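Notes to accompany the following structure.
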Amino acid sequence: MYIKQYENILLDIAEEYGTPVYVYFAEILLNNFNKIKTIAKKYYRKILIAYAYKANSNIHLCKLLHREGAGAEVVSSGELFLALKASASKIVFDGVSKSVSEIEYAVRNRVWLINIENLGELKYIDYFSEKNNIVQKVGIRFNPGIEVSTHKHIATGGKLNKFGLDSKNFIRAVSISKKMKNIDLCAVHFHLGSQIFDTESYIKALERVLSLAEEAGLNIRIIDIGGGFGYSYETGETMNLDNLFAQISRVLKDSLGEEPTVVLEPGRAIVASAGILLTKVNYIKEVYGKKWVLVDAGMNDFIRPALYGAKHKITVLGKNGPTEKYSIGGPVCESADVFAEDMELPRVAPGDVLAVHDVGAYSYSMSSNYNTRPRPPEVLVDRKEIKLIRRRENFEDLLRLMIT
Ligand code: LLP
């Protein structure tokens, strides 16, 4: 995101709430969502954009999105609990290893759709649906066996991945559910992974699942193409959704008699660019000639660089001028606790505030207390209003769950 215009607000926030601190911009969040919605509406009449809660489940952000018409995609009873609290109108429940109690909770709370990934889920869904006197809409997550080009930790549609059902089990799932009175098998689902930029992978998966459904005699009313829409941390561009949605709509028109409801499950494309992490410089030092900037945020607060080698832009608030090469490390006792290597920055001094860009997605939601560090607060900027939407953890919080 372009932050020059926000520098003063960000400096005020760092001053008032301390660092490290996550800051989100409502305007960017809603712009991202509405852009996807506008493009999708060009091609599909019936559409659900189910925001992937795992990207960022702060209830304030979720509520803003639901108000604009987003549904929720959840993968745990914790996320489902939040989606219910946030009054999401339509909830899609995914997950590769749902526990029986999670399925019971989902059915009891009338989620709109459950996408199964194991044959064993069907009997639980049928059982709890009967108990609750409902017929539950169910989809099958298909693993198309496609290698997408992305980081191996976030590829999910390949033959070696644990996700979804292969063709043989897909056909079995159809025939098992046909015998179950309380299951309305009406959907197919796939999710190929995250950070995908090529349209062809989606089209390949779609064509495979459509022909498989036909072979299995499954009448599709809902087609869920997952999320994964790539966002470039370098350029700030999202993959070409116009092209993707147009091609998907063309395949659907060619293959299905009746127009299905299309479900999208974007997380990153909606929220990544809406967030900034502010962190203060504690020290600067040289170790064998390498210049280190040591900051007060660590990999427990923001793990993407350590886990995926992710490269996020970093700027020094309020500073321009001649640059130097710095590596930026946190306080955690691990060599992977490094946010950037040899990055050109204006001359940095202790006390400066650095802004790590595009950390709206998979950042706070993946934070931990490692090294027994309290987690940072989250602040929302909504037009002129600056609101604390999650307070900083304190020492008491660290003890809260321990039986002392
Ligand atoms: N639907 C399903 C079933 C998913 O598993 C995911 C993400 C999404 C939707 C949303 O994908 P998105 O549109 O955000 O790419 N922690 C990693 C990303 C893990 C994604 C997991 N699944 C990262 O920081 O890059």
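So what's the net charge close to Ala106: Lys and Arg +1, Asp and Glu -1, counting the other residues with Cβ under 11 Å from its Cβ?
Residues close to Ala106 contribute a combined charge of -2.
Expressed as an acute angle from 0 to 90° and rounded to the nearest 10, what is the orientation of the C-alpha long axis of helix 7-17 relative to the principal long axis of the chain?
It works out to around 90 degrees.
Enter the Cα centre distance for the pair the stretch 247-282 and the stretch 26-68, rounded to the nearest angstrom.
8 Å
List, in order, the whole-Hz ³J(HN,Hα) value for each residue of the stretch 299-315 obtained from phi through the Karplus relation with A = 6.51, B = -1.76, C = 1.60 and θ = phi - 60°; use x for Gly and Pro.
5, 5, 7, 8, 9, 4, x, 5, 8, 10, x, 5, 10, 9, 5, 9, 10
Give the cross-link partners of Lys37 among the aspartates and glutamates, using a straight C-alpha distance below 14 Å as the criterion and excluding same-chain residues fewer than 8 apart.
Lys37 reaches Glu68, Asp242, Glu265.
Where Lys and Arg each count +1 and Asp and Glu each count -1, what net charge lies around Glu258 among other residues with Cβ under 12 Å from its Cβ?
+3
What order do Glu68, Glu258, Glu207, Glu237 take when sorted by accessible area (1.4 Å probe), most exposed first?
Sorted descending by solvent-accessible area, the residues read Glu258, Glu237, Glu207, Glu68.
For the stretch 245-252, take each phi angle, set θ = phi - 60°, evaluate the Karplus expression 6.51 cos²θ - 1.76 cosθ + 1.60, and give the result in whole Hz per residue in order, putting x for glycine and proline.
With the stated coefficients, the stretch 245-252 comes to 5, 5, 5, 5, 5, 4, 5, 5 Hz.
Specify the inter-centroid distance of the stretch 158-189 and the stretch 291-362, based on alpha-carbon positions, in whole Å.
45 Å
Express the accessible area of the stretch 53-114 per residue in Å², computed with a 1.4 Å probe while the remaining protein chains stay in the model.
The answer is 37 Å² per residue.
Would you work out if the chain is rounded, prolate or oblate? Take a ≥ b ≥ c from the square roots of the eigenvalues of the alpha-carbon gyration tensor; rounded if a/c is under 1.5, else prolate when a/b is larger than b/c, oblate otherwise.
Taking the square roots of the gyration eigenvalues as a ≥ b ≥ c, the chain is prolate.
Heavy atoms of the protein only, probe of 1.4 Å, neighbouring chains included. What is the accessible area of His151 in Å², nearest 10?
Counting only protein heavy atoms, the figure is 60 Å².
Taking K and R as +1 and D and E as -1, what net charge do the other residues with C-beta under 10 Å from the C-beta of Asn182 add up to?
Here the charged neighbours net out to -1.
Which of the peptides 260-271, 346-357 is most tightly packed, and how do the rest follow, going by the mean number of other Cβ atoms within 10 Å of each residue?
Answer by packing, highest mean first, reads 260-271, 346-357.
Identify all aspartates and glutamates with a Cα-Cα distance to Lys181 below 12 Å; exclude those on the same chain that are fewer than 8 residues away in sequence.
Qualifying aspartates and glutamates at Cα under 12 Å: Asp126, Glu130.
Please list, in order along the stretch 219-227, the HN-Hα scalar couplings obtained from phi with the Karplus expression 6.51 cos²θ - 1.76 cosθ + 1.60 (θ = phi - 60°), rounded to whole Hz, x for Gly and Pro.
With coefficients 6.51, -1.76 and 1.60, one gets 8, 8, 10, 10, 10, 10, 9, x, x Hz.
Skipping prolines and chain starts, which residues have an amide H placed within reach, meaning under 5 Å, of the one on Val379, given they are 5 or more residues away or on another chain?
Amide H to amide H, under 5 Å and 5 or more residues apart or across chains, Val379 pairs with Tyr22, Val23, Tyr24, Ile389.
Only bridges whose two residues both fall in the stretch 26-269 count here: according to DSSP, what percent of them are antiparallel, nearest 5?
If I count the DSSP bridges inside the stretch 26-269, around 5 percent turn out antiparallel.
Show the residues, 5+ positions off or on another chain, whose built amide H is closer than 5 Å to the amide H of Lys291.
Under 5 Å from the amide H of Lys291: Ser327.
Order the peptides 74-80, 300-306 from the highest to the lowest mean number of other Cβ atoms within 10 Å of their residues.
Packing proxy ranking, top to bottom: 300-306, 74-80.
Using Cα pairs closer than 8 Å and at least 6 residues apart in sequence, work out the relative contact order for the chain, in percent.
19 percent
Students often get this wrong, so check it: of Lys291/Lys313; Lys152/Lys291; Lys63/Lys387, which have C-alpha atoms separated by over 21 Å?
Correct reply: Lys152/Lys291.
The values are calculated or read from the model by the stated rules, or taken from the named source; none is laboratory data. Since the structure is predicted, the reported quantities are computational estimates derived from the model, not experimental observations. Every residue, glycine as well, gets a Cβ built from its backbone with ideal geometry; the counts of neighbours run over all protein chains shown. What goes into the accessible areas is simple: the full protein's heavy atoms, side chains included, and nothing from ligands, DNA or RNA. Shrake-Rupley method; radii C 1.70, N 1.55, O 1.52, S 1.80 Å.
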